[in-house]
Amino acid sequence: MQLEFCGICKQFGARPVLRDISLKVPEFQSLAIVGPSGGGKTTLLRTIAGLEKPDSGRLRIGQDWLAFTEQALLAHRRSIGTVFQGYNLFPHLTALENVMLPLVKVHGVARGQARDTADALFKRFQLLAHAHQRPAELSGGQQQRVAIVRAIAIEPRFLIFDEPTSALDPEMTAEVLDCIAELRAEGRPLIIVTHNMGFAREVSDRCLFIAEGQILEEGRSAELFSAPQHPLMVNFLAKVLRY
Amino acid sequence: MLMQKRGQPVTLAAQLLSWCLVGLLMAAVFSFAFSQLKYGWNWAAIWEYRQKFINGWLVTVAISAAALLLSLLIGLLTALAQRSSVLPLRYLAVLYVEAVRGTPLLVQILIFFYVVASAFGLNNRYVAGALTLSLFAGAYLSEMIRAGIESIRGSQRESARAIGLTQLQTYRYVIYPQVVRQLIPPLTGQFASIIKDSSLLSIIAVGEFTLNAQEVNAFTYSTLESYLPLAVGYLLLTLPISLVSRILERRFHFAT
């Protein structure tokens, strides 16, 4: 898939979060966005996800420029799968109902067919035994995997992950990252914001480094991580990879 | 064997035995109290008025049921008003809730009936009584509903938005079912409160259960025989409600 940012600005109150972001990201299947906290990476991701309207600027995803009207954003959100860092699932619904809700209510799939889709995915991700449990009865890793199943059940154009493992312990992190790696191996386009540099490097073919509201470096992940150019990225990698 | 160890289930035998012990203790206390009374019981006089008790009891049930429904509506509307972006509307709702929760029901009944209702030409004391009770309970329900809506995390609305639910669908499938589930246990408790509070309507001569018992007492001079059935009549209503409330609480319990 392709992405193009054109003069994107966003402020929260008096604080600029995205400062005139302009970049054409070449064709990729998997894009990682990394950078220090508060640098603007999550805001940029939320803009791509149709959850945030920029104050100005344009965004092209694939062939189409995204119109930032509520109507167009709703249609856009319905066409992609988004997984947040935690608390994705609705606590009053079972895992199965969580997956079926968007299929039935948003995409108009018949209940029986939605169930079959959900069952097949639960089986694939070893979640069948937990289909009828509520989120509170599941581990954090299982909850995130159910959230991923919900995101891919609707056959999205691409997937978006916003720090999907930052609320998990290391063992569960591995279980969720395995799941994402598997989706990538299937050839699904995805964009991921993560603090896990090893995973970012392994899973993505291109990478953006964002700090101070700007994209400071962009390139092929293999090259970017082994030979970063921008001093802030060198500094950032040195810090996060020290331990 | 009458102790529950932490995390262990209680056996049926232990439950039964414990309840028997409690029953015996209460029986001993009350039979001692009544034996000291040297009271000439006259149940025959009360039996003559049994229909009066039944009628009063039915009026209490009817007024409480009407007040519950109306208070639910008032509570819902004022809860939404408390969250409104229209400031005068919000402040009106806040003032209503605080004023009602801060004053005794007895005072509200007197003021509403003798001042407000008569000024507006509402002379039916049953309607006025049910309205006062509804306004009273509505203020408490308003706070419960508001807290229920506010307890749904922002992250859930965000998640609903991300999967493409519209605003209306978010209320319908995400917020509303959770608020209702949270609300059912306190709502049943509120119903029990309304039933007991309705006894205060006797001061404006609404012919409910308590007023009828007072009248029977005046006719027969048999105070205890008039008021003991009164207690039993209220327990007949409130005990099943409290039981149902416990069952529902268990059924709808889920951690968020």
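Sort out for me the Cα centre separation of segment A:149-169 from segment A:192-212, rounded to whole Å. Each part's Cα centre sits 15 Å from the other's.
Across chain A, how many lysine pairs, 8 or more positions apart or on different chains, have C-alpha atoms separated by under 17 Å? Please give the number. Show your work: numbers first, answer last.
Working: A:LYS10/A:LYS41; A:LYS10/A:LYS53; A:LYS24/A:LYS41; A:LYS41/A:LYS53.
Eligible lysine pairs with Cα atoms under 17 Å apart amount to 4.
Partner chain Cβ atoms within 10 Å, averaged over the residues of A:88-99 - can you pull that number for me? If you can, show how the numbers build up before the last one.
Numbers: counts 6, 2, 11, 9, 14, 5, 0, 0, 0, 1, 2, 0.
Counting Cβ atoms of other protein chains within 10 Å of each residue's Cβ and averaging gives 4.
Near A:THR82, the amide H atoms lying under 5 Å from its own belong to A:ILE160; only residues 5 or more places off or on other chains count, and H is placed 1.01 Å from N. Label sites at B:TRP47 and B:GLN167, each approximated as a point 7 angstrom past Cα along Cα to Cβ, lie 6.7 nm apart. Take the solvent-accessible surface of the protein heavy atoms, probe 1.4 Å, and return the percent of it on segment B:118-182 that carbon and sulfur atoms account for. Its accessible area is 60 percent carbon and sulfur atoms.
Report the extension gain between B:ARG6 and B:SER84 in nm, rounded to one decimal, defined as 0.36 nm multiplied by the number of residues separating them, less their alpha carbon distance.
Values: separation 78, 0.36 × 78 = 28.08 nm, distance 4.67 nm.
Stretched out fully, the B:ARG6 to B:SER84 stretch lengthens by 23.4 nm.
For A:ASP20, the residues whose amide H sits under 5 Å from its own are A:CYS9, A:LYS10, ignoring neighbours fewer than 5 places away on the same chain, with H placed 1.01 Å from N. For segment A:3-75 versus segment B:81-141, the spacing of their alpha-carbon centroids is 51 Å.
Solvent-accessible surface, computed for protein heavy atoms with a probe of 1.4 Å, shrinks by 20 Å² or more for the following residues of segment B:211-256 when the other protein chains are added to the isolated chain: B:PHE254, B:ALA255. Whole-Hz Karplus values for segment A:129-140 come out as 5, 9, 4, 9, 9, 7, x, 5, 8, 9, 6, x Hz, taken residue by residue from phi with 6.51 cos²θ - 1.76 cosθ + 1.60 and θ = phi - 60°; glycine and proline positions read x. 3J(HN,Hα) couplings calculated from phi for segment A:64-70 with the Karplus curve 6.51 cos²θ - 1.76 cosθ + 1.60 (θ = phi - 60°) are, in sequence order, 9, 7, 7, 7, 8, 9, 4 Hz; Gly and Pro show x.
Put a plus charge on the Cβ of each Lys and Arg, a minus charge on the Cβ of each Asp and Glu, and nothing anywhere else: the dipole of the protein assembly as shown about its Cα centre is then about 300 debye. Legend: helices of chain B (whole DSSP H runs) are marked when their alpha-carbon atoms reach 18 angstrom or more along the helix axis and their mean Kyte-Doolittle hydropathy is at least -1.0; marked are B:12-35, B:50-82, B:87-102, B:125-150, B:176-197, B:223-251.
Dividing the summed -39500 (n - 2.57) terms of all DSSP H runs of n ≥ 4 by the residue count of chain A sets its mean residue ellipticity at 222 nm at -11000 deg cm²/dmol. The shape of chain B comes out oblate: with a ≥ b ≥ c from the C-alpha gyration tensor, a/c is at least 1.5 while a/b does not beat b/c. Sequentially through segment A:145-155, phi angles give Karplus couplings (6.51, -1.76, 1.60; θ = phi - 60°) of 5, 5, 4, 5, 4, 4, 5, 8, 4, 8, 6 Hz, Gly and Pro residues having no value and appearing as x.
Taking only protein heavy atoms and a 1.4 Å probe, the accessible area of segment B:214-256 is 66% carbon and sulfur. Accessible surface computed residue by residue for chain A, with neighbouring protein chains in place and a 1.4 Å probe, gives 43 Å² per residue. Charge dipole (Cα centre; +1 on Lys/Arg Cβ, -1 on Asp/Glu Cβ; no other charges) of segment B:4-163 amounts to roughly 300 debye. For chain A, the longest principal axis of the Cα atoms and the long axis of helix A:170-185 meet at an angle of about 90 degrees.
Between B and A, buried accessible area from a 1.4 angstrom probe totals roughly 2000 Å², ignoring ligands, DNA and RNA.
Between rounded, prolate and oblate, where does segment A:1-129 land on the alpha carbon gyration tensor, with a ≥ b ≥ c its root eigenvalues, rounded for a/c under 1.5, else prolate if a/b exceeds b/c? Judged from the Cα gyration tensor, segment A:1-129 comes out prolate (a/c at least 1.5, a/b above b/c). Top mean-square fluctuation among B:LEU141, B:LEU58, B:LEU21, Gaussian network model of chain B, C-alpha springs under 10 Å? Evaluated over chain B, the most mobile residue of the options is B:LEU21.
Residues of segment B:166-180 that bury at least 20 Å² of accessible area once all protein chains are present, compared with their chain alone (1.4 Å probe, heavy atoms only, ligands and nucleic acids left out), are B:THR166, B:GLN169, B:TYR173, B:VAL174, B:GLN178. Backbone amide hydrogens, once placed in the peptide plane, bring A:GLU217 within less than 5 Å of A:PHE209, excluding anything fewer than 5 places away on its chain. For segment A:89-155, with all protein chains in place and a probe radius of 1.4 Å, 47% of the accessible heavy-atom surface sits on carbon or sulfur. Accessible area per residue for segment B:115-217, computed on protein heavy atoms with a 1.4 Å probe, is 39 Å². Summing Cβ point charges (Lys, Arg +1; Asp, Glu -1) relative to the Cα centre of segment B:126-225 gives a dipole of roughly 720 debye. Scanning chain B for trypsin sites (Lys or Arg not before Pro) in DSSP loops with at most 15 neighbouring Cβ atoms within 10 Å leaves B:154-256 as the longest stretch between them.
The values are calculated or read from the model by the stated rules, or taken from the named source; none is laboratory data. Fair warning: this is a prediction, and the values are worked out from it, not measured in the lab. Don't worry about glycine lacking a Cβ; one is built from the backbone with ideal geometry, like all the others, and counts go over all protein chains shown. Keep in mind that these areas ignore ligands, DNA and RNA; they rest on the heavy atoms of the full protein, side chains included. Shrake-Rupley method; radii C 1.70, N 1.55, O 1.52, S 1.80 Å.
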